[in-house]
Each structure stands twice: as structure tokens, then as C-alpha cells.
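One structure, as C-alpha cells, below. Some questions next.
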Amino acid sequence: MIFVRVWLPLAIAVAGVVLILTGDDAAAGAGIVLIGISVLVVAANLMLRLSLSSERDREREEANRDFFSRTGRWPDDRSG
């Protein structure tokens with residue numbers, strides 16, 4: 001998974017920089033597009049990770065509510 005999160009966008013960005021530095025105008029344009037694509041890959045990975053962590057938070061909250069329904073107290077309540 002680290003390949004998709006780190007190495008794939010890095011490789012795409014490096015290819016873009018190489019095209020910008022070594023190519024003509026068309027290659028420089030393609031390099032800029034590749035750098036933009038690498039930013040999109042990072043953003044998509046970030047959104048996916050945030051979505052998954054949000055889902056875990058919802059599951060944890062639901063489990064706490066089920067516990068409260070059964071016992072009448074919140075799971076981390078030390079007073080009871």
C-alpha cells in the first residue's frame with residue numbers, strides 16, 4: 001500500500017519534472033500535466049484514508065451506543 005501512497009505519485013512527479021527540464025514545449029506541458037496527476041493521486045489517497053477512518057469512528061460510536069443500551073452507562077464512564 002505504501003507504493004500507491006508514496007512511490008507512485010513520487011514517480012509520476014519525477015517523470016513530470018524530467019519532462020519539464022529536458023523536453024521541448026510539448027514535453028514541458030506533458031510534464032506539468034504529470035505533476036498535476038501526481039497531486040491528484042495524493043489527494044485521492046488522502047480522501048480514501050479519511051473516509052476509512054471516519055467509517056471506523058462511526059463503528060466505534062455505534063458499539064459504544066450498543067453498550068450504553070445494554071448497561072445504562074457509557075463504556076469509558078468510571079463513576080459507575
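Relative to the longest principal axis of the chain, what angle (0 to 90°, nearest 10) does the C-alpha long axis of helix 8-22 take?
20
Quick one: grab the alpha carbon gyration tensor of the chain, order the square roots of its eigenvalues as a ≥ b ≥ c, and give me rounded if a/c is under 1.5, else prolate or oblate depending on whether a/b is larger than b/c. The partial results should precede the final answer.
Details: a/c = 6.64, a/b = 5.32, b/c = 1.25.
Taking the square roots of the gyration eigenvalues as a ≥ b ≥ c, the chain is prolate.
What number, in percent, do you get for the relative contact order of segment 2-69 if the mean sequence gap of Cα pairs under 8 Å and at least 6 apart is divided by its residue count?
30
Here's another thing I want to ask about it. Against the longest principal axis of the chain, how steep is helix 25-71, in degrees 0 to 90 to the nearest 10, with axes from Cα atoms?
0
Let me ask something additional. Run the helix sum for the chain: -39,500 (n - 2.57) per DSSP H stretch of 4+ residues, divided by residue count, reported at 222 nm to the nearest 500 deg cm²/dmol.
Working: 2 runs with 62 residues, N = 80.
Helix-only estimate at 222 nm: -28000 deg cm²/dmol.
Bear in mind these aren't lab numbers, they're just calculated from the coordinates by the rules spelled out. Fair warning: this is a prediction, and the values are worked out from it, not measured in the lab.
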